[in-house]
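Let me begin by presenting the structure, written as structure tokens, before commenting on it.
Values in this text are rule-based calculations from the coordinates and carry no lab data. All values derive from a computational prediction rather than experimental measurement. All Cβ positions, even for glycine, are placed from backbone atoms using ideal geometry, and neighbour counts span all protein chains on display.
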Amino acid sequence: MRLAGVEPSRLTYNCLLDGLVNAGLLDTAINVFDAMSTEDRVRPDVVSYNILIKGYCRAGRTQDGMSRLADLREQAELAPDKVTYLTLMQRHYSEGTFPQCIALFQEMEERGMGKEIPQHAYVLVIGALSKDGKPFEALAVFERMLKRGCPANAAMYTALIDSMGKLGREKEAMALFERMKASGIELDAVTYGVIVNCLCRFGNMEEALSCFRSCVEKGVAVNAIFYTSLIDGFGKTGMVDQAKELFEEMIAKGFVPDSYCYNVLIDALVKAGRTDIACAFYERMEDDGCDQTVYTYTILIDGLFKEHKNEEALKFWDSMIDKGITPTAAAFRVLANGLCLSGKFSRAWRILDELAPMGVIPETAHEDMINVLCKTGRFKQACKLADGIVQKGREVPGRVRTMMINALRKAGNTDLAFKLVHSKIGIGYERSGSIKRRVKFQSLFE
């Protein structure tokens, strides 16, 4: 063009920028943008900025996109428009950085762009506030949107209902559901899934099952998530037979249960005292090629210890380690509590030492073990364990003393509690000639 004596216009530059961004040639696009910035006749306009910000967002360089927004704000003749904000909001929402998404929307409102805000921006901010645990703020935005004449859609209602449900606000969630139906918006599988999940969370199992059956009759495409919500809900309300029936129905309908679905059923069975059946489902997981997770093992180990099947619980722990599944702090806590309650705290200590080379070092493991011993009135063993921690060169936190004082007081051992309060046990030292030793917890009983 230049060889022919034709100077490229701003539109030409913007078309070139857009082509480069769409082709993934972001660095070249930046060079073109910078070249535009040096020419007064074709300096970048808001469209140029929007194209470059789109490129940054697509490349995952969100902060660079935000920097360009800051540059745009400083321009005297230019200002970010709805496309600028929507592009960055979408990126922040996709990355799960909800506060930034919300802040961009608030900036749009502060700039007086209320009537220009597109419906999708409302979808994003209502979704972001809902996922950030702020459903009432999301509802306030929703009401402002309706007053401005922007229509609601299924995604907005679904996000609000789900967020209300997670906060346990049954009345508000169901009111929104009725309002959605009254507005004539067609309910899709996602909305029905959220409603079924909310009803299960509220313990309204008959209504949840009725809603699920209604979905099937209406031809709504139900999936494994529907069944998992129902199985979890029936399990948590102690209706394990119904949970099992739904599990079998799910498989008969051709849906494949995942690890989470198996885990919620196994958890329900264990809590109902049906550990043998839970173990059978554990075996079934293996036969079906479904991964057993650390949560699966934690549930079973906890249940077996509570039924005093200590050796079986330990076999599950060993099986978990042999399969290369890294135990969590919660898994060790369950194991340690079970062993301590059965008088095998030295074995729990040994297993804790074995975890260190695996990179698993539960920060409060020793405190948890001492706590469970105190709760069961085994103060001598708790003191022995606390002294053992010190002997291994570890510190006993001051809150362990407080825990033991409270446990002694609650158990009616007021004299021992006062003795511990007014002593230097665990925090002071005694001298034997030139040797300085920490005052042992076991001295409490001497």
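Things worth noting here:
- Cβ-Cβ FRET estimate between residue 434 and residue 380, R0 fixed at 30 Å, reported to 0.05: 0.50
- Relative frequency of Cα-Cα separations exceeding 33 Å in the chain, percent: 60 percent
- Computed log10 I(q)/I(0) for segment 121-196 at 0.19, 0.21, 0.24 Å⁻¹: -0.70, -0.87, -1.16, from the Debye equation with unit scatterers placed on every C-alpha and solvent omitted.
- In Hz, Karplus ³J(HN,Hα) per residue of segment 89-106 (6.51, -1.76, 1.60; θ = phi - 60°; x = Gly, Pro): 4, 4, 5, 5, 5, 5, 7, x, 8, 5, x, 5, 4, 5, 4, 5, 5, 4
- Counted by Cβ distance under 10 Å from residue 77, the other residues give a net charge of 0, where Lys and Arg count +1 and Asp and Glu count -1.
- The calculated FRET efficiency for residue 39 paired with residue 148, based on their beta-carbon distance and R0 = 41 Å, is about 0.55.
- Two-decimal log10 I(q)/I(0) for segment 80-238, as the Debye equation yields it once each C-alpha is a single scatterer, q = 0.21 Å⁻¹: -1.28
- Radius ratio Rg over Rh of segment 363-446, counting only Cα atoms, Kirkwood formula for Rh: 0.96
- The distance between label points at residue 23 and residue 120 comes to 2.5 nm (points 7 Å beyond Cα on the Cα→Cβ vector).
- Pairs of C-alpha atoms in segment 68-120 farther apart than 12 Å represent 64 percent of all such pairs.
- Our compactness index for segment 1-145, the C-alpha radius of gyration over the empirical 2.2 N^0.38 Å, is 1.17.
- Shown in residue order for segment 111-122 are the 3J(HN,Hα) couplings computed by the Karplus curve 6.51 cos²θ - 1.76 cosθ + 1.60 at θ = phi - 60°: 7, x, 9, x, 6, 8, 5, x, 4, 5, 5, 5 Hz (x for Gly and Pro).
- Measuring r between the beta carbons of residue 210 and residue 291 and using R0 = 30 Å, the FRET efficiency lands at 0.35.
- Within the straight-line cut-off of under 18 Å between alpha carbons, the lysines reachable from residue 440 are 380, 384, 392, 419, 424, sequence neighbours fewer than 8 places apart in one chain being disregarded.
- Working note: 222 nm ellipticity from helices only, DSSP H runs with n ≥ 4, each -39,500 (n - 2.57), summed and divided by the residues of the chain, gives -21500 deg cm²/dmol to the nearest 500.
- GNM result for the chain, Cα springs below 10 Å: residue of 270, 421, 194 fluctuating most strongly: 421
- Partner lysines whose Cα lies under 25 Å from the Cα of residue 54, excluding those fewer than 8 positions away in the same chain, are identified as 82, 115, 131.
- Alpha-carbon centroid distance for the pair segment 155-227 / segment 300-368, whole angstrom: 40 Å
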